[in-house]
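Heads up, the thing below is written out as structure tokens.
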Amino acid sequence: MKYTQLITTAALLLSATTINTMAQTEREEIDEKYKWNVYDLYSNDTEWNKSKDKIANEAKQIATYKGKLAESAQTLLQFFEFSSQISKQMSRLYIYASLQKDQDLRVAENISRLKELENLSTEISQLSAFVDPELAAISDALFDKYMEQEPKLKQVYGMRIDRIKRNKPHTLSPAEEELMAKLSILGNVPGDTYDVFSDAEMPSPRITLSNGEEVELDQATYTQVRASANRDDRRKAFFAFWENYSRFEGTFGELMNGNIREGLFYSKVYKYNSALEAALYHNNIPISVYQSLIDNVNRNLPTFHRYLKLKQKLMNLDQLTYYDLYAPAVEGIELKYTYEEAQQLVLEAIKPLGTEYANVVQRAFNERWIDVYPNKGKASGAYSNGAAYDVHPYILTNYNDSYNSVGTLIHELGHTMHSYFSNKTQPYPTSRYAIFVAEVASTFNEALLDNLMLSKLKTNKEKISLLMSMLDGFKGTLFRQTQFAEFELRMHQMAENNEPITGKALTQLYSQIVKKYYGDEQGICHVDDVVGIEWAFIPHFYSSFYVYQYSTSFVASQALVQKVLSGGEAERNRYLDFISAGGSKYPIEILKDAGVDMTTSDPFDNAIKRMNLLMDEIEKLL
């Protein structure tokens, strides 16, 4: 059982041509003000251990509720309150351990701390094995009666009770639930192994750049070199990086096979028709939303190809290739910002959301909620973790002074503010928002930054560069993430059809899908065969059916940001209500309250219209 919510992102790229040598810096060399303060959670490791031991002791009281959950409204409420406290404390323990791990994946002690928590979580799950079957045995009528007798059951735990009612067909017997709890500790093995290998132990190739600089192509450095304006550097890095991944195709294939088979096993045991249904059921997301996303994107690939042709034209290339996709479309435009300058841009961009919102962002900067710079052994990418209900959210970034890094920062602050307002407004049981809505607040913030920058840039060349960056957002978040979603669905279907899941099979499948999206056969963008291994680079595949929510959230945020920017205080407050709603309703309903209905094609059609308008604007400027 995982108690935390990690949000990662692939951010926009405008221009990044300088290699950040801080990726090779030891953590001790970085100023403390640029590191998150994990000690807001616990004053030291000793306090963490004391808290863990205390929770392990308290959790044993779960057994005292066995056979009693249906005896009265008071007992049911008491149990819900008790289990919520255990969950909240476990979240805090987990965050402390995971932050310590991610700041240096080479430290075995930090990984051991997480293993301790996994063991404790398994023990708690085993002790709680009777809970779901016992709650499922309570009739809907009795639940309704108890909610009348104890209003707090409805006010605070109404969503939990509704889920219990819905989950009755997928609830096992006490003995079966106990067995599944014992097995749960194995479920993290593929993903944990992938994290340690890909981020810390996998050897990285070295290349010499056109300026004579020799660099080690770890993930952070490759991300920068692939955005270089020098095509020879991009090409050299591209083949070196992906051929290195190809060396471990079999290993990555076995890890993914284990991950997929585990998900398939659970979906069958809990009587779902597919792994996809199992993943969407908890948040009441219709399967049609997932399939419609894939269908709509495939139907609008000509719009995506229009973007690719425009990029080729701007870059003055005879043939656009996959290793050109992250390079600046306009030469000579290199927007670079120190971290302090980025903070000021963020504060200016978020002004439409009001004073309270801005004040909390300022706190995040001043009170060390953010781990800013890369260092040796640090987890790659970026995320916001907002599950520390009684403390504050935390952000991990690998800032490198590029405009891309500014976009990543404001993106993760969107998640942080979503968590902050939800935690502030909602009681703990309804404070956690679903991943389905998580990327709305982050991509909303990116749009605010784009809006600000369009007003700041003066020349046509700069404006075209920024407009292309905005289009890169459509590419990276709408089309690319849907491409991932289609691949993920297909590989799960392979498993459900008893087809072998191997590294080679996944590489072939991924290559087919990428070539379709990028128009390889039509000559739109040449996709080299080595791109097929890119699936092994995507950590989100170890969180089944996660990536599609980037696309749906992006579509929703495009609609909401236009409402706020063109509206007044009412529109702003409606958005603030959205990021304050947490999990008080199912995510589809929360978005409907905000003014976006994701069960229709309207939000998607509006996003495609917006994309075409941006391209129209570029063509006018040209």
(message) Exactly one of these conditions fails for Lys458: (1) buried (at least 22 other Cβ atoms within 10 Å of the Cβ); (2) at pLDDT below 95. Give me its number.
(response) (1)
(message) Please determine whether any residue of the stretch 39-59 is over 28 Å from Gln100 (Cβ atoms) and without any contact (Cβ under 8 Å) to a residue 40 or more places away in the chain.
(response) no
(message) For the stretch 521-528, check the following and say yes or no: at least one residue is over 27 Å from Asn316 (Cα atoms) and either among the hydroxyl-bearing types (Ser, Thr, Tyr) or at pLDDT 95 or above (or both).
(response) no
(request) Within the stretch 88-107, identify whether any single residue is more than 24 Å from Asp371 (Cα to Cα), open to solvent by 30 Å² or more (accessible area, probe 1.4 Å) and either touching a Gly at 6+ places or on another chain (Cβ under 8 Å) or at pLDDT below 95 (or both), and answer yes or no. (result) no
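Conditions (1) aliphatic (A, V, I, L, M); (2) crowded, with 20+ Cβ neighbours inside 10 Å; (3) not in a helix (DSSP H, G or I), marked per residue:
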{"site": "Gln549", "(1), (2), (3)": "no, yes, no"}
{"site": "Glu571", "(1), (2), (3)": "no, no, no"}
{"site": "Leu591", "(1), (2), (3)": "yes, yes, no"}
{"site": "Val596", "(1), (2), (3)": "yes, yes, yes"}
(message) Yes or no: the stretch 155-177 includes at least one residue that is touching a Lys or Arg at 6+ places or on another chain (Cβ under 8 Å), modelled with pLDDT under 95, open to solvent by 20 Å² or more (accessible area, probe 1.4 Å) and not basic (Lys, Arg).
(response) yes
(request) Sort out which residues of the stretch 216-237 are under 20 Å from Ile333 (Cβ atoms) and under 26 Å from the mean Cα position of the chain (by Cα), and write them in order of number. (result) Thr223, Gln224, Val225, Arg226, Ala227, Ser228
(request) Only helices (runs of 4 or more DSSP H) wholly contained in the stretch 77-180 count here; list those with 1 or more residues that are in contact (Cβ under 8 Å) with a residue 24 or more places away in the chain and of a type in the set (Asp, Glu). (result) 108-127, 131-136, 140-149
(request) Could you run through the stretch 393-410 and say how many residues are surrounded by fewer than 24 Cβ atoms within 10 Å (Cβ to Cβ) and more than 21 Å from Asp102 (Cβ to Cβ)? (result) 1
(message) Consider the stretch 522-541. How many of its residues are touching a strand residue (DSSP E or B) at 6+ places or on another chain (Cβ under 8 Å) and either surrounded by fewer than 19 Cβ atoms within 10 Å (Cβ to Cβ) or more than 16 Å from Ser511 (Cβ to Cβ) (or both)?
(response) 4
(message) Just to be sure before I move on: is Phe265 closer than 18 Å to Glu534 by Cα and part of a helix (DSSP H, G or I) in the structure I sent?
(response) no
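Within the stretch 468-480, can one find any residue that is over 21 Å from Pro328 (Cβ atoms) and open to solvent by 10 Å² or more (accessible area, probe 1.4 Å)?
no
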(message) Going through Thr223, Thr251 one at a time, which residue ends up being over 30 Å from Phe604 (Cβ atoms) and open to solvent by 30 Å² or more (accessible area, probe 1.4 Å)?
(response) Thr251
(request) Could you tell me which of the residues Phe604, Phe554, Phe578, Phe545 is among the hydrophobic types (A, V, I, L, M, F, W, C), part of a helix (DSSP H, G or I), over 19 Å from His415 (Cβ atoms) and in contact (Cβ under 8 Å) with a residue 60 or more places away in the chain? (result) Phe604
(request) Check Ala70, Ala59, Ala63 and return the single one that is aliphatic (A, V, I, L, M), in a helix (DSSP H, G or I) and either touching a strand residue (DSSP E or B) at 6+ places or on another chain (Cβ under 7 Å) or open to solvent by 30 Å² or more (accessible area, probe 1.4 Å) (or both). (result) Ala63
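The values are calculated or read from the model by the stated rules, or taken from the named source; none is laboratory data. Predicted, not measured: the structure shown is a model, and the values here were computed from it. Virtual Cβ from ideal backbone geometry, glycine too; neighbours counted across all protein chains shown. Note: accessible area is taken over every heavy atom of the protein model, side chains too, but ligands, DNA and RNA are not part of it. Shrake-Rupley method; radii C 1.70, N 1.55, O 1.52, S 1.80 Å.
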